[in-house]
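Notes follow the structure.
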Amino acid sequence: MRGSRVESPAALARLIPVEFGRAHRLVPLEETEDWLRIAAAPPIDPDVLGRLAALTRRSIEAAEVTLEEIEAAQARLWGPWN
């Protein structure tokens, strides 16, 4: 996934509270009824993934991307950081 533009569909913004996503450097990428795929900047904390799984009631699959890619994806999804 590195080196490509991280695209987070706007419809998935509802799954992760903006404060949680920004604090833990992640964005949603894709979902099914059972799982949620996210992009996250390292280090990816297993405890955060567990909290996200509980929050979304889905299994979580994480793809590691750069911090710059996450920041750009978050700005497109949730607007600029204030």
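Each value in this text was obtained by applying a stated rule to the coordinates, not by laboratory testing. Just so it is clear, the structure is predicted and the values come from calculations on it, not from any experiment. Don't worry about glycine lacking a Cβ; one is built from the backbone with ideal geometry, like all the others, and counts go over all protein chains shown.
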query = Of 41, 78, 26, which is farthest along the charge dipole of the chain in the positive direction, counting Lys and Arg as +1 and Asp and Glu as -1 at C-beta?
reply = 78
task = Per residue of segment 10-15, in order, report the coupling 6.51 cos²θ - 1.76 cosθ + 1.60 (Karplus, θ = phi - 60°) as ³J(HN,Hα) in whole Hz, putting x for Gly and Pro.
result = 4, 4, 8, 4, 5, 6
Neighbour-count order for 6, 18, fewest beta carbons within 10 angstrom listed first = 18, 6
remark   = With 0.36 nm assigned to each residue of separation and the Cα-Cα distance removed, residue 59 to residue 47 gains 3.0 nm
message = Just to check I understand the Karplus step: with θ = phi - 60° and J = 6.51 cos²θ - 1.76 cosθ + 1.60, what whole-Hz values come out for segment 37-44, glycine and proline as x?
response = 9, 10, 10, 9, 8, x, x, 8
ask   = DSSP loop chymotrypsin sites (Phe, Trp or Tyr not before Pro) in the chain with at most 16 other Cβ atoms within 10 Å of their Cβ, which ones?
value = 81
ask   = Within the chain, which is the longest segment containing none of the GluC sites (Glu not before Pro) that sit in a DSSP loop and have at most 16 other Cβ atoms within 10 Å?
value = 34-82
ask   = Which of the following values of Rg/Rh (Cα atoms, Kirkwood Rh) was calculated from the structure shown: (i) 1.03; (ii) 0.92; (iii) 0.97?
value = (ii)
query = Among the trypsin sites (Lys or Arg not before Pro) within the chain, which fall in a DSSP loop and have no more than 16 other Cβ atoms within 10 Å of their own Cβ?
reply = 2, 5, 57
Order of 59, 8 under a 10 Å beta carbon neighbour criterion, fewest first = 59, 8
remark   = In degrees rounded to 10, the 0-90 angle between helix 67-78 Cα long axis and the longest Cα principal axis of the chain is 80 degrees
message = Can you list residues from other chains, or at least 5 along the same chain, whose modelled amide H is less than 5 Å from the amide H of residue 35?
response = 59
ask   = For residue 63, which sequence-distant residues (separation of 5 or more, or a different chain) have an amide H within less than 5 Å of its own amide H, given hydrogens modelled in the peptide plane?
value = 38, 39, 40
key: Check: the chain dipole with +1 on Lys, Arg Cβ and -1 on Asp, Glu Cβ, in debye   = 180 debye
message = Can you work out the Karplus-derived ³J(HN,Hα) for every residue in segment 51-59? Use 6.51 cos²θ - 1.76 cosθ + 1.60 with θ = phi - 60°, whole Hz, and x for glycine or proline.
response = 5, 5, 4, 5, 5, 9, 6, 9, 5
ask   = Order of 56, 32 from fewest to most other C-beta atoms within 10 Å?
value = 32, 56
